[in-house]
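Asks: Have a look at the structure that comes next, please.
The values are calculated or read from the model by the stated rules, or taken from the named source; none is laboratory data. Owing to the predicted nature of the structure, the values given are computational and were not obtained by experimental measurement. So basically every Cβ, Gly included, is an ideal-geometry build from the backbone, and we count neighbours across all protein chains shown.
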Amino acid sequence: MPEDHISRERRALLAAAPLLAAPIAAAAAEPEFRPPMAGTFPVQPPTTRLAWEAEVTIGPVIDMGDSPLGRRRMIPITGGTFAGPRLRGKVLPGGADRQLVRRDGVTLLNALYEMQTDDGAVLTILNRVTADPSAKPPYTRSMVEVTAPAGPHGWLNSRVFVGDLHVLPPERKAVLIRVYEVV
């Protein structure tokens, strides 16, 4: 009798297996999300290409105290260099990186500075960075706005740029910024 009981349980389990597996198979077979207008306007995720890499030297942090939104601080930009496939030059001293360290640990950076190309053109850079050190790996992404004079670097005025930021070892007193053109 125990064998009949086990056999009935096995038969019931085997008969139910396709029903139990159906939701899992259906979830695995579900197509990736397709936006409603994808048939009219195909989804084409943007791609990027490196515009330049800059090593930006910085001065000591200036603590500006707490605000209702978090701790405020400023970091002077003292110089540096940059190079990319279409431009290269130096980072001019005199800019600053204003930061808000929010209570949740995320830091919002708003850096405004100038870069001078090897041919003498001065570019104004506004780099807005969101840095989340608690993310694994740490998240540091930016939106970069460039204002360039008319001429050979005028193309910078009509492009979208994004970037990332890496803190270099303390003895370097610098950050590495990579800026990518969205193509």
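Asks: Please enumerate the residues belonging to region 137-163 that are within 13 Å of the chain's Cα centre (by Cα) and basic (Lys, Arg). Spell out how you get there, then give the answer.
Replies: Taking region 137-163 as the starting set, the residues that turn out to be within 13 Å of the chain's Cα centre (by Cα) are 137-144, 161-163.
Selection gives Arg141 alone.
Asks: Also, I was wondering about something else. Restricting to region 145-183, name every residue that is touching a helix residue (DSSP H, G or I) at 6+ places or on another chain (Cβ under 7 Å) and among the β-branched types (Val, Ile, Thr).
Replies: Val146, Thr147
Asks: List the number of the failed condition for Asp104; all other conditions in (1) within 23 Å of Val179 (Cα to Cα); (2) of a type in the set (D, E, K, R); (3) under 20 Å from the mean Cα position of the chain (by Cα) hold.
Replies: Result: Asp104 passes all but (1).
Yes/no per residue for (1) in contact with a Ser or Thr (Cβ under 9 Å, 6 or more places away or on another chain); (2) free of Cβ contacts under 8 Å to residues at least 24 places away in the same chain; (3) over 24 Å from Val61 (Cα atoms):
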| position | (1), (2), (3) |
| --- | --- |
| Leu108 | yes, yes, no |
| Thr140 | yes, no, no |
| Ser158 | no, yes, yes |
| Ile177 | yes, no, no |
| Tyr180 | yes, no, yes |
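Asks: Quick test for you: out of Val146, Val101, pick the one residue that is more than 18 Å from Met74 (Cα to Cα), without any contact (Cβ under 8 Å) to a residue 60 or more places away in the chain and hydrophobic (A, V, I, L, M, F, W, C).
Replies: None of the others qualify; the one that does is Val146.
Asks: Follow-up question, since we're still on this one. Output the residue which, of all residues in region 83-119 that are of a type in the set (Lys, Arg) and over 17 Å from Arg141 (Cα atoms), is surrounded by the fewest Cβ atoms within 10 Å (Cβ to Cβ). Before you say what the answer is, go through the steps one by one.
Replies: Taking region 83-119 as the starting set, the residues that turn out to be of a type in the set (Lys, Arg) are 86, 88, 90, 98, 102-103.
Subsequent filtering for residues that are over 17 Å from Arg141 (Cα atoms) retains 86, 88, 90, 103.
Values: Arg86: 12, Arg88: 16, Lys90: 15, Arg103: 10.
Per the criteria, the residue is Arg103.
Asks: Looking only at residues in region 142-173 that are in a strand (DSSP E or B) and of a type in the set (Asp, Glu), which one is nearest to Arg49 (Cα to Cα)?
Replies: Among them, the one singled out is Asp164.
Asks: Further question: Taking region 38-78 only, how many residues are among the acidic types (Asp, Glu) and free of Cβ contacts under 8 Å to residues at least 12 places away in the same chain?
Replies: The qualifying residues number 2.
Asks: Can you name the number of the only condition in (1) surrounded by 14 or more Cβ atoms within 10 Å (Cβ to Cβ); (2) of a type in the set (D, E, K, R); (3) at pLDDT below 95 that Glu145 fails?
Replies: Result: Glu145 passes all but (3).
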